[in-house]
Each structure stands twice: as structure tokens, then as C-alpha cells.
């Protein structure tokens, strides 16, 4: 009986609660601030490829526990609306070939995801990797949107 209680405590501690009070089961180490943002400047400063975005919706936070000493690693989950010619240009230049059912984003971003289908790939990821930020990027050409999952310092 005691072992079951210990396992329940460990399982509960491994889930992170976002600012809206909902448990995020996508990536247990992502701590969120709970705010859906629509300001583009923080994204365009980090990812030059997004400078001509028509609209952005995103959330961000820290990995791990903010109480831990040392440098912090941040995450960003974003849905970005582009012009149709930008989507065509990105597809042509970076050849996303990997099909993805639905990118795994934090709970607060799940409603923001377009219907898909989604395509990604190493060349597209590399195009958005800048400075200390690495990215996984998925195009949803039917909606002229891009899903960005980024990690950086």
C-alpha cells in the first residue's frame, strides 16, 4: 500500500501545471506561464524567417524547475500565419517531406493548431535554428500556417 502512494506522488510530481491550472501531458518538463500571446516582436527577434508573419499565437516558459541554479532553458510553442507565397517559398526552399499527424504542443496551444496536414523535415528545422535557439517546424499549407516548437537560452 505504501509503494502505491509513493508511485502516485511521483506520477503527480512529473506532470506540470500550466498557468491556466490544466495539466500538460505533452512534455512533462515544460513549465508554462499560462498566457497565450499574440505579440510578434519576441518571435521575430529570435527567428528572422518570421519577420513578415501576418499573425502569431504562442506560449512560452522554462524547462525544469526555476528554483534550480544555473542558466535557464526556454521553450516556445507557436502557430504563425504566413502569406501563401511564403508557405510556397519555404516548401520549395526547404523541401519538408516528413508527414506529422499533429505537432505536440502544450495544452494551451492545442486549440490553436490548424487542421493540417503537417509537413516538416531537417532542412526546414535548420532554416529556423538561429543562435542559441533550435527549432522543429511544421508547415500546414492548407491554412498558410506554420507550427514552431523551439528551445533556447
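What is the number of the single condition among (1) loosely packed, with under 15 Cβ neighbours inside 10 Å; (2) closer than 12 Å to residue 138 by Cα; (3) at pLDDT 95 or above that residue 119 does not meet?
(1) is the only condition that residue 119 fails.
Do any strands (runs of 3 or more DSSP E) lying entirely in segment 57-124 carry at least 1 residues that are over 21 Å from residue 42 (Cβ atoms) and either in contact (Cβ under 8 Å) with a residue 40 or more places away in the chain or out of contact with any helix residue (DSSP H, G or I) (no Cβ under 6 Å at 6 or more places or on another chain) (or both), and which ones are they?
On the way: elements: 74-81, 98-100, 118-120.
It comes to 98-100, 118-120.
Take the residues in segment 30-51 that are within 14 Å of residue 128 (Cα to Cα) and in contact with a helix residue (DSSP H, G or I) (Cβ under 7 Å, 6 or more places away or on another chain); name whichever of them is surrounded by the most Cβ atoms within 10 Å (Cβ to Cβ).
The selected residue is 47.
For segment 133-142, give me the residue count where each residue is surrounded by fewer than 16 Cβ atoms within 10 Å (Cβ to Cβ) and modelled with pLDDT under 95.
Summing the residues that are surrounded by fewer than 16 Cβ atoms within 10 Å (Cβ to Cβ) and modelled with pLDDT under 95 in segment 133-142 gives 1.
The values are calculated or read from the model by the stated rules, or taken from the named source; none is laboratory data. All figures in this text were calculated on a predicted structure; none of them were measured in a lab. For neighbour counting, all protein chains shown are included, and Cβ atoms are generated from backbone atoms with ideal geometry for every residue, glycine included.
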